[in-house]
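Notes follow once the structure below has been shown.
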There are 2 protein chains.
Amino acid sequence: MKNEKDIFDDIEIDVSAIDAEKHAVSPAVIKRLPRYFRYLRELIRMGKTRVSSAELSKMMNVTASQIRQDLNCFGGFGQQGYGYNVNYLYTKICEILGVGCGFRAAVIGAGNLGSALVKSPMFEKRGVDVVAMFDVDESLVGKRLGHIRIFNVSDIERIFEDYAIDIAILTMPKEFAQETAERLTRTNIGGIWNFTGKELKLESDIVIENVHIGDSLMTLCYEIARKKDNGDSSAK
Amino acid sequence: MKNEKDIFDDIEIDVSAIDAEKHAVSPAVIKRLPRYFRYLRELIRMGKTRVSSAELSKMMNVTASQIRQDLNCFGGFGQQGYGYNVNYLYTKICEILGVGCGFRAAVIGAGNLGSALVKSPMFEKRGVDVVAMFDVDESLVGKRLGHIRIFNVSDIERIFEDYAIDIAILTMPKEFAQETAERLTRTNIGGIWNFTGKELKLESDIVIENVHIGDSLMTLCYEIARKKDNGDSSAK
């Protein structure tokens with residue numbers, strides 16, 4: 001039996017096709033693509049080769065017409081009575097999202113969060129290769145987490161160049177985030193994935209993507225409080 | 001000098017005021033409130049007692065008129081020449097978001113991610129108390145992470161009742177997420193914070209908030225690829 005990696009290795013991602021597509025897809029659709037990516041992966045894993053917009057609609061809890069609209073944007077035309085070709089859609093979405101770009105990443109901050117991140121299968125699934133970690137803690141420097149070596153933060157510039165790193169993942173304490181980001185502007189990275197909660201101000205065209213997990217916790221608390229509230233008042 | 005906890009302890013959150021406000025604020029504003037919450041905390045930490053919409057606008061990279069509109073929604077009326085009262089706004093936002101509700105949470109899955117989460121200051125900042133962890137690994141059961149005890153997952157129902165837990169945080173492997181969630185429908189929780197990547201299907205009114213960190217990574221990759229692409233074509 002094939003394992004998961006083999007299944008996805010069979011799917012060729014033609015990076016050369018990115019150019020033409022990229023300019024046609026609206027930002028709103030782009031924002032929804034990672035979700036399609038996840039569901040299509042799931043379908044591939046299940047061995048499904050085709051899917052109807054009605055099935056996708058049910059899985060994803062989005063209207064079938066929204067799905068048809070979204071997928072039509074990048075030439076994912078379903079056929080009456082056949083539906084969509086799962087591999088084709090998956091490949092197209094990978095292309096548009098840059099999954100085939102082979103980006104290399106480094107995690108700065110080898111604490112709990114940094115360690116949890118590098119051990120997650122998330123990177124491999126998305127074609128990102130984590131190649132180095134950094135920390136200030138001398139007792140960690142030189143060690144490895146899996147196959148990933150931990151370097152001293154003082155070596156950031158050198159190692160980023162040696163490893164041709166595209167993405168810096170910031171998981172160090174908030175108070176060091178801004179100065180680290182400023183150092184990173186002197187490297188060749190394309191983007192920062194920022195978990196520190198610090199709003200970074202950079203004079204550079206480096207892309208910054210902030211993750212505020214706490215915002216999601218607050219949304220949850222709000223919804224629970226609201227439900228309790230409605231429950232209480234309807235019970236009166 | 002006061003430490004951070006003391007500063008925020010001085011701010012009283014009047015939970016009784018939640019009812020009236022909650023129904024007036026639109027979902028779009030609610031979605032933006034966690035961000036205001038973060039910035040207002042930062043201002044309080046810096047000792048600022050008032051802030052203008054122009055200052056907030058600059059900090060948050062949102063138009064001043066958007067800010068005025070948002071804050072007016074819940075009676076946060078700025079005064080000409082004075083601006084907004086930071087503590088008042090912070091308290092109001094905490095009320096609306098349920099920060100003063102004193103929700104109790106348990107983490108199911110004491111691996112890297114679960115451990116990273118419980119060690120983060122995120123919960124305390126948002127008034128959520130993590131009181132228990134669970135794992136299947138017998139070598140972890142009975143141990144403590146900080147002051148939080150790790151229980152056997154077989155005890156979920158009993159411990160959730162004993163500790164009156166409101167929120168279950170799922171950080172176990174994906175394949176056990178659905179069955180665990182189904183067990184949770186037999187407890188009194190109000191919400192599930194789901195990090196497993198598994199789309200949960202429950203016949204219950206439990207609120208589910210999914211965290212897909214990988215989606216954010218894909219957005220970042222897309223933006224980097226797009227910029228590279230534009231850079232390449234403009235260089236031609």
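Quick note: the coordinates plus some simple rules give every number you see, no bench work behind them. Given the structure is predicted, the values throughout are model-derived calculations rather than measurements. FYI the Cβ positions are ideal-geometry reconstructions off the backbone, even for glycines, and counts take in every protein chain you see.
The table below gives the values:
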quantity: Copies compared at A:Asn61 - label distances in nm, ascending, label defined 7 Å from Cα in the Cβ direction; calculated: 2.9
quantity: Shielding of B:95-108 by partner chains, average beta-carbon count, 10 Å; calculated: 3
quantity: Within the protein assembly as shown, helix-based [θ] at 222 nm, where runs of 4 or more DSSP H residues each add -39,500 (n - 2.57), nearest 500; calculated: -13500 deg cm²/dmol
quantity: Principal axis dimensions, largest first and in whole angstrom, of the protein assembly as shown by Cα; calculated: 58, 50, 49
quantity: Shape box of segment B:169-236 [Cα atoms, principal axes, largest first, Å]; calculated: 62, 21, 16
quantity: Segment B:146-155 - phi-based ³J(HN,Hα) in whole Hz, Karplus 6.51/-1.76/1.60, Gly and Pro as x; calculated: x, 9, 9, 7, 9, 9, 6, 4, 5, 9
quantity: Identity and axial distance of the chain A residue whose Cβ lies nearest the axis relating A to B, Å; calculated: A:Ala116, 2
quantity: Cβ-based exposure ranking for B:His147, A:His212, in which fewest neighbours within 10 Å come first; calculated: B:His147, A:His212
quantity: Peptide B:28-34 - average C-beta neighbours from other chains (10 Å radius); calculated: 3
quantity: At 7 Å out from Cα toward Cβ: A:Arg183 inter-copy label distances (nm, ascending); calculated: 4.4
quantity: Local electrostatic count at A:His212 - Lys and Arg +1, Asp and Glu -1, tallied over other residues with Cβ under 14 Å; calculated: +3
quantity: Other-copy label distances relative to A:Ser26, 7 angstrom Cα-Cβ extension, nm; calculated: 1.8
quantity: Residue mean of other protein chain beta carbons inside 10 Å, B:111-122; calculated: 5
quantity: Förster radius 41 Å - calculated FRET efficiency between A:Leu145 and B:Lys48, Cβ distance, rounded to 0.05; calculated: 0.55
quantity: Karplus 3J(HN,Hα) series, Hz, for segment A:87-99 with 6.51 cos²θ - 1.76 cosθ + 1.60 (x for Gly, Pro); calculated: 5, 4, 4, 4, 4, 4, 5, 4, 4, 4, 7, x, 5
quantity: Extreme residue, positive dipole direction of segment B:121-236, given options B:Leu202, B:Met218, B:His147 (C-beta unit charges); calculated: B:Met218
quantity: Principal axis box of chain B, alpha-carbon based, largest edge first, Å; calculated: 61, 61, 41
quantity: Environment charge of B:Lys201, counting only residues whose C-beta is closer than 11 Å and scoring Lys/Arg +1, Asp/Glu -1; calculated: -1
quantity: At 0.890 mPa s and 25 °C, Stokes diffusion of segment B:89-159 via Kirkwood alpha-carbon radius, µm² per second; calculated: 188 µm²/s
